[in-house]
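The values are calculated or read from the model by the stated rules, or taken from the named source; none is laboratory data. Please read all numbers here as calculations on a predicted model, not as lab measurements. Heads up, the Cβs are rebuilt from the backbone with ideal geometry, glycines too, and the neighbour counts pull from every protein chain shown.
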6 protein chains.
Amino acid sequence: MDEQLRGKLKAVSTATLATALFKRGFRNQMIQGVLPLRARAGSMVGEAFTLRYIPAREDLNSIDVFSNPAHPQRAAIEQCPPGAVMVIDCRKDARAASAGNILVTRLMVRGVAGIVTDGGFRDAAEIAALDIAAYHQRPSAPTNLTLNQAVDINVPIGCGDAPVWPGDIVVGDTDGVIVIPAGIAAEIAAEAVEMTVFEDFVAERVMGGQSIVGLYPPTDPANLDLFKTWRTAKQR
Amino acid sequence: MDEQLRGKLKAVSTATLATALFKRGFRNQMIQGVLPLRARAGSMVGEAFTLRYIPAREDLNSIDVFSNPAHPQRAAIEQCPPGAVMVIDCRKDARAASAGNILVTRLMVRGVAGIVTDGGFRDAAEIAALDIAAYHQRPSAPTNLTLNQAVDINVPIGCGDAPVWPGDIVVGDTDGVIVIPAGIAAEIAAEAVEMTVFEDFVAERVMGGQSIVGLYPPTDPANLDLFKTWRTAKQR
Amino acid sequence: MDEQLRGKLKAVSTATLATALFKRGFRNQMIQGVLPLRARAGSMVGEAFTLRYIPAREDLNSIDVFSNPAHPQRAAIEQCPPGAVMVIDCRKDARAASAGNILVTRLMVRGVAGIVTDGGFRDAAEIAALDIAAYHQRPSAPTNLTLNQAVDINVPIGCGDAPVWPGDIVVGDTDGVIVIPAGIAAEIAAEAVEMTVFEDFVAERVMGGQSIVGLYPPTDPANLDLFKTWRTAKQR
Amino acid sequence: MDEQLRGKLKAVSTATLATALFKRGFRNQMIQGVLPLRARAGSMVGEAFTLRYIPAREDLNSIDVFSNPAHPQRAAIEQCPPGAVMVIDCRKDARAASAGNILVTRLMVRGVAGIVTDGGFRDAAEIAALDIAAYHQRPSAPTNLTLNQAVDINVPIGCGDAPVWPGDIVVGDTDGVIVIPAGIAAEIAAEAVEMTVFEDFVAERVMGGQSIVGLYPPTDPANLDLFKTWRTAKQR
Amino acid sequence: MDEQLRGKLKAVSTATLATALFKRGFRNQMIQGVLPLRARAGSMVGEAFTLRYIPAREDLNSIDVFSNPAHPQRAAIEQCPPGAVMVIDCRKDARAASAGNILVTRLMVRGVAGIVTDGGFRDAAEIAALDIAAYHQRPSAPTNLTLNQAVDINVPIGCGDAPVWPGDIVVGDTDGVIVIPAGIAAEIAAEAVEMTVFEDFVAERVMGGQSIVGLYPPTDPANLDLFKTWRTAKQR
Amino acid sequence: MDEQLRGKLKAVSTATLATALFKRGFRNQMIQGVLPLRARAGSMVGEAFTLRYIPAREDLNSIDVFSNPAHPQRAAIEQCPPGAVMVIDCRKDARAASAGNILVTRLMVRGVAGIVTDGGFRDAAEIAALDIAAYHQRPSAPTNLTLNQAVDINVPIGCGDAPVWPGDIVVGDTDGVIVIPAGIAAEIAAEAVEMTVFEDFVAERVMGGQSIVGLYPPTDPANLDLFKTWRTAKQR
């Protein structure tokens, strides 16, 4: 993805992005119920590369299926582009693992920006220590094959009740993960950057004792003047 | 599908099929949480024809999307083969409709054997009155577009936590819906027919006052003799 | 409420109303998870009269609180206007009753059109037999005081995850209950009546063997001509 | 159990019993989330005979375990006393059956008054047709062994979040099932009979147009006089 | 509120308070399912100041509603008294934010003791860093307007299934948040202080190797003597 | 338990054990939904000693029941063998405490290896600081008596949807808790130790840049050679 766009999105929050999306009629882009395994500086940003699981059927999911290098779970790990975010549709079921430490390490080494599942990871403490952003519902030790079968790579999926289309821009921070439709990512990023500047100003004013009335939102024009001055001073 | 196989399966219950599957290591073939809109004589039987929904994104799901005859939901209605069962992956979300009366009527007219969703139907009372079997979680009036977007036809899906592969044999009765892997449908049907004969014998004996000990299962050989005689007399 | 409006709404379904509301950007007006205690001819229609419950505190909810005629639950029963629909915010908690047979009988005698709770009624079989529409989640025998305390009459509430403002128009059928914002009830009703005429035409055509392509929606102009003729013939 | 007590309880509702229990500080005796497979005249009444299930471990639950007549599920069916109600702790899990038609038929033939599970029955339509009261959460076809293992007979259990002690008096009607502690069953029954007479009077008055104010509860002494007259006339 | 009372409550745990309330028949005063965003020394204590949300209706909740300084959410932020705890009824729905960093900062600056929602906060990491106690279910980035509409200030509400009346005393620690009815706060606090002294003694004895038998509770009088001595020595 | 076995299990993860169990047909041995109160070095290992709770009945659970030293909860605390893990069946209900700081301290002093509940602990922060492993769903301050009654010691139970038989081997790490059937604990431990050696090798290779194809699983024999060399070098 465009590195300037990535840079902008790394510096804004999912909360700000959610508001920008809300203004355009998008109410359902937050992946519900997932949190980062570890807080990190800067948001996770990348294009969505998706993986779809269905419930496992016992005869199709013995331990030896992974001997096949074309198995969709393993293939996805090797195909996910550097800089992308792998997003897994695990049907919000965290009773068995979506993936574990070795696979996520491989993604990290390959330069993938992050991995998100609406299920859970096994080896969660080890994944948390890796240099790749990871989001899930909760840790889950049972092998993936217990309840999940990977069937599709890079198709539109649902994840945590949000629609995720391949190529959408995925952003994650400590509040969770949001999905920006590809076609509006640039305008959303631009607006979010502007909103962030203003919110930083407001936060500073409120911390200094000013009331939110007339300031947030800035219905009192005096506050817009103050903002202008502040922004110039801050060179933002 | 083979009409002899269909005939056998129409005469056995999902409970009996579930036991036959359990004996072969399948523990997860029941579509959990769906019931028929109306009790009918004889089981619903047909090959699975699947439809996959994901969460709706607002800009892709305005009311005019149905003007496109290639829209997957509408295309599926016209493509589902006569005698098949349409199975919809609605992510167990019944807050918006999976389909309504007009589409299900079209399936009925086209000779489709049944329709199953792990979400809900709108116009449920009218669908219940049609001459096609229908199974869902609960009625749901909001239009499909509110929360669902059809994206795939005849791919493997999850429905009510069960795996459903296109071509699997789907059987439904008043207890719900079960999915038989295509490759073992014939042997499962044969075994279920045999089990049903024996269970009918047992039910009659128990109704007549016999204890279940030694009869169910028939650990006392005398009961196997009784069964043999009964079966001959009943010509089954 | 206006009796002409009531008449129109009695003749349309919640599914059709949901679509008309969806077209105007309302995605959340269906009271989720409630069903009628008994199917009835014609929809329930009336203005919302609301009752708000909070969790019961033991010292404020002994059995003798009902001796007070000003107790909000009992006052609401006597104040709810004839023709209105009482809607109770029971926090989607059906572990104790929202009301029972005697109170609902009183509403019926007073001419109230219906009662809706996102909890459950006790004496459900007796309420089902009354000549008043009633909707709930499931039967629930424990006295209201066990878990609920009525605190407010005719304030805005949530019911089954939908917003309900006093004076909104509430419509219920076998699919459930929908809430029409008061200010647009007339236009929604008018549109729903028109939609119903067209859907009846479509249902008849589909039952007669016509494909949905070009008919539903009517992208083929020939179908609009057929509709015109049909409508004239039917005098609708 | 005492047949006079049984007679009294057959004629009162679970709602009335719940109120009598509430007055004595019992808030949690209703088995939550279970309904009868079929409405019947007169309440189900009997002493609790319990059966406890735990999650099934695969190696202990192959299909041949039922060959052992001492298997707790099968033993319980033969041991449950006539007139009693079998109550099963299925951990509120209805993904596999608690029992099926043959076992429930055996209970019926043996004179057992009813069976209750917080899971589900297979062959639900056939059980509904039997002459024994049965209550569950929903139908469930998969064999019991899939997820359940019977381990204990007649120990204290939880069922639908209610405590059930062997010998407690279990009463079921169309609202569900309630559990009366054995030691207070007689006084609860006596009070419920009295309450029922008064509620029948109130229902008749309300049906005739009287307001609930001063009547329900009877804070206006005039209503107590009316009641006295009514009761004498009705010979109750 | 009385500062001596506040001081006592800051030094006791919600667990101890829950037991003191249980002894008086209160079983439902814990706000279920909320945790602090950050562990802090000393309990959060303050009088309840409540805010009630209902589900958002799209036409009433565009982004510009916050331009109105009388909007109940914004008004509440400016009205909540210093030393109080703002408690929000968000219907246990954490899919959209109850509030964010700027509003909580304003509460902090105004001297409010804490904020509690049964939904979730956006900007959760920033709120965690503030010098004000905050409790929620989980982080949630989507703007409040997505699913919530503030309608009432300082009315009785439910929060996490507990009743909260304005003026009740709210206490929070790492186990969660409990609500003490205003009228008994002084006696509950006094008893909890006493209980805490005894529990500290017990904990020390148990850590030193003594059995809990006869000590917890102190059925062996020797332990009461030991306690007396210990208490004198500790000057508590 | 055998100390060599304990040593082996302390050095392997629940994820690896889950895979070893899955290979033998065990899909349901993970206690779902519980996490450690604090991360610790080395896994918790011990034989299961069980405690069974049922829903509390008010008349049997006043605060003075703990004066009885034979009360099953208190008796269990004194009987649980050193080195064992106490596992509590709390019906996945965390609305009231399973135990608190004083009881868990007593277990620690007595040398018990850990405590697990599918409910929640009160005084969670204090328990987290103790030198005993503890796992629960979430903190919960209300006294145990509010909703729970201990009835049985060392019977088979369900915990977090897993079967737990007394004497099973319980292992916990940061992913959660798994239950190994006693009869196969030695072989599972041996296999898990071997698997761990290989997974450590794989993790090192992947961290170093090698693809997972042919390595994980090792379908390319060259990788088995590399592993042999690595293992010799590492002396494992």
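Structure values in brief
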| item | result |
| --- | --- |
| Residues of the range E:41-60 that turn out to be more than 10 Å from every other protein chain (Cβ to nearest Cβ), touching a Gly at 6+ places or on another chain (Cβ under 9 Å) and either assigned to a loop (DSSP other than H, G, I, E, B) or free of Cβ contacts under 8 Å to residues at least 60 places away in the same chain (or both), as a count | 1 |
| Out of B:Ile153, B:Ile157, sole residue that is closer than 21 Å to B:Ala75 by Cα, within 20 Å of the chain's Cα centre (by Cα) and crowded, with 24+ Cβ neighbours inside 10 Å | B:Ile157 |
| Test: residue in the range B:212-225 that is out of contact with any Leu (no Cβ under 6 Å at 6 or more places or on another chain), more than 14 Å from every other protein chain (Cβ to nearest Cβ) and over 25 Å from B:Ser43 (Cα atoms) | yes |
| Residue count for the range B:112-124, restricted to those that are without any contact (Cβ under 8 Å) to a residue 40 or more places away in the chain and within 11 Å of chain C (Cβ to nearest Cβ) | 3 |
| Answer residue from the range A:130-141, given it is touching a residue at least 60 places away in the same chain (Cβ under 8 Å) and touching a Phe, Trp or Tyr at 6+ places or on another chain (Cβ under 7 Å) and is nearest to A:Val171 (Cα to Cα) among those | A:Ala134 |
| Of the criteria (1) more than 24 Å from D:Lys92 (Cα to Cα); (2) more than 10 Å from chain E (Cβ to nearest Cβ); (3) outside any loop (DSSP other than H, G, I, E, B), which one F:Val104 fails | (2) |
| Some residue of the range B:144-162 being farther than 30 Å from A:Gly119 by Cβ and either at pLDDT 95 or above or hydroxyl-bearing (Ser, Thr, Tyr) (or both) | no |
| The one condition in (1) facing another protein chain (nearest Cβ under 8 Å); (2) surrounded by fewer than 20 Cβ atoms within 10 Å (Cβ to Cβ); (3) touching a residue at least 24 places away in the same chain (Cβ under 8 Å); (4) under 28 Å from D:Gly176 (Cβ atoms) that C:Pro72 fails to fulfil | (1) |
| In the range F:99-129, residue nearest to F:Asp168 (Cα to Cα) [restricted to those that are of a type in the set (Lys, Arg) and buried (at least 22 other Cβ atoms within 10 Å of the Cβ)] | F:Arg106 |
| Residue check for F:Met1: in contact with a strand residue (DSSP E or B) (Cβ under 6 Å, 6 or more places away or on another chain), surrounded by fewer than 20 Cβ atoms within 10 Å (Cβ to Cβ) and away from every other protein chain (no Cβ under 11 Å) | yes |
| Filter result (part of a loop (DSSP other than H, G, I, E, B), at the interface with chain A (Cβ under 9 Å from one of its Cβ atoms) and out of contact with any Leu (no Cβ under 6 Å at 6 or more places or on another chain)) within the range F:10-33 | F:Ser13, F:Arg27, F:Asn28, F:Gln32, F:Gly33 |
| Some residue of the range F:162-178 being crowded, with 17+ Cβ neighbours inside 10 Å, at the interface with another protein chain (Cβ under 9 Å from one of its Cβ atoms) and polar (S, T, N, Q) | yes |
| Meets criteria (in a helix (DSSP H, G or I) and surrounded by fewer than 21 Cβ atoms within 10 Å (Cβ to Cβ)) for D:Ala192 | no |
| Every pair of residues 6+ apart whose Cβ atoms lie under 6 Å, when the first sits in the range B:210-236 and is farther than 22 Å from D:His71 by Cβ and at pLDDT below 95 while the second is of a type in the set (A, V, I, L, M, F, W, C) and not in a loop (DSSP other than H, G, I, E, B) | B:Arg236/B:Val197 |
| Yes/no for F:Arg38 being part of a helix (DSSP H, G or I) and of a type in the set (Lys, Arg) | no |
| Residue count for the range E:130-161, restricted to those that are within 11 Å of chain A (Cβ to nearest Cβ) and closer than 28 Å to A:Ile31 by Cβ | 12 |
| Per-region count, the range B:194-233, residues more than 22 Å from B:Ala20 (Cβ to Cβ) and not acidic (Asp, Glu) | 13 |
| Verdict on C:Glu199 being surrounded by 19 or more Cβ atoms within 10 Å (Cβ to Cβ), part of a helix (DSSP H, G or I) and touching a Lys or Arg at 6+ places or on another chain (Cβ under 9 Å) | no |
| Which listed residue is within 25 Å of B:Cys159 (Cα to Cα) and under 15 Å from the mean Cα position of the chain (by Cα), from A:Val85, A:Val34 | A:Val34 |
| Residue that is nearest to F:Val109 (Cα to Cα) [pool: residues in the range F:125-178 that are assigned to a loop (DSSP other than H, G, I, E, B) and among the acidic types (Asp, Glu)] | F:Asp131 |
| Those residues of the range C:192-211 which are away from chain B (no Cβ under 12 Å) and either of a type in the set (Asp, Glu) or more than 30 Å from the chain's Cα centre (by Cα) (or both), in sequence order | C:Glu194 |
| Selection within the range A:75-101 - at the interface with another protein chain (Cβ under 7 Å from one of its Cβ atoms) and in a loop (DSSP other than H, G, I, E, B) | A:Arg91, A:Arg95, A:Gly100 |
